[in-house]
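Each value in this text was obtained by applying a stated rule to the coordinates, not by laboratory testing. Here the structure is a predicted model, which is why all the values come from computation and not from measurement. Cβ placement follows ideal geometry from the backbone for every residue including glycine, while neighbour counts extend to all protein chains displayed.
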Amino acid sequence: MRSLGIELSGSELIYVLVDISDDVRIVAKNKLELAHTRDRNALVAFQTALRAVYNELAPEIIGIKEKPEKGKLSAGASALKMEGIALASSPCNVRFVSGTKVNKCKAQSDDLKKYQLPAYKVAVLSAEMAND
């Protein structure tokens, strides 16, 4: 199963695609940036770039790390707009994974930078959820 994990951090969408069969293999990893949240052209450019990622990587499931909408740790405007674009543009089912589950996940990889690890864990957890 090809599972794409997404974490939204500031104005960046960080993604890791894994292929899970007998083991977990990282297929792709990168990030996209939303330059301006109130500029139509920036939003369209972000959506176009994300659709290109979806088309190129062909995920079977997409997982997005949940961001709280209210409260002390609530998501900013950039994160909420990127989440909406990611969800609306998705070519497959999307699962939301709580930060608590991500933090408890033991999945590790030496092939990733520290900031990519949450997206990796989301990809692994989303694939597990899809198989349940």
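Could you tell me whether any residue of segment 37-56 is in contact (Cβ under 8 Å) with a residue 12 or more places away in the chain and closer than 25 Å to Asp132 by Cβ? For segment 37-56, residues in contact (Cβ under 8 Å) with a residue 12 or more places away in the chain and closer than 25 Å to Asp132 by Cβ: present. Gly63 satisfies every condition listed in (1) out of contact with any Lys or Arg (no Cβ under 6 Å at 6 or more places or on another chain); (2) in contact (Cβ under 8 Å) with a residue 60 or more places away in the chain; (3) closer than 22 Å to Asp132 by Cβ except (1).
The single condition among (1) in contact with a Ser or Thr (Cβ under 8 Å, 6 or more places away or on another chain); (2) in contact (Cβ under 8 Å) with a residue 12 or more places away in the chain that Val27 does not meet is (1).
Here Glu69 qualifies as in contact with a Leu (Cβ under 9 Å, 6 or more places away or on another chain) and farther than 20 Å from Glu33 by Cα. For the structure I just gave you, tell me whether Gly99 is in contact (Cβ under 8 Å) with a residue 24 or more places away in the chain and either over 15 Å from the mean Cα position of the chain (by Cα) or closer than 23 Å to Gly10 by Cβ (or both). In short, yes.
Listed by first and then second residue, the pairs with beta-carbon distance under 8 Å, at least 6 apart or on different chains, first residue in segment 113-128 and under 16 Å from Pro59 (Cβ atoms), second part of a helix (DSSP H, G or I), are Lys121/Val102; Val122/Val102; Leu125/Lys101; Leu125/Val102.
Scanning segment 81-96 for residues that are over 12 Å from the mean Cα position of the chain (by Cα) and closer than 14 Å to Pro59 by Cα yields Ser89, Pro91, Cys92, Asn93.
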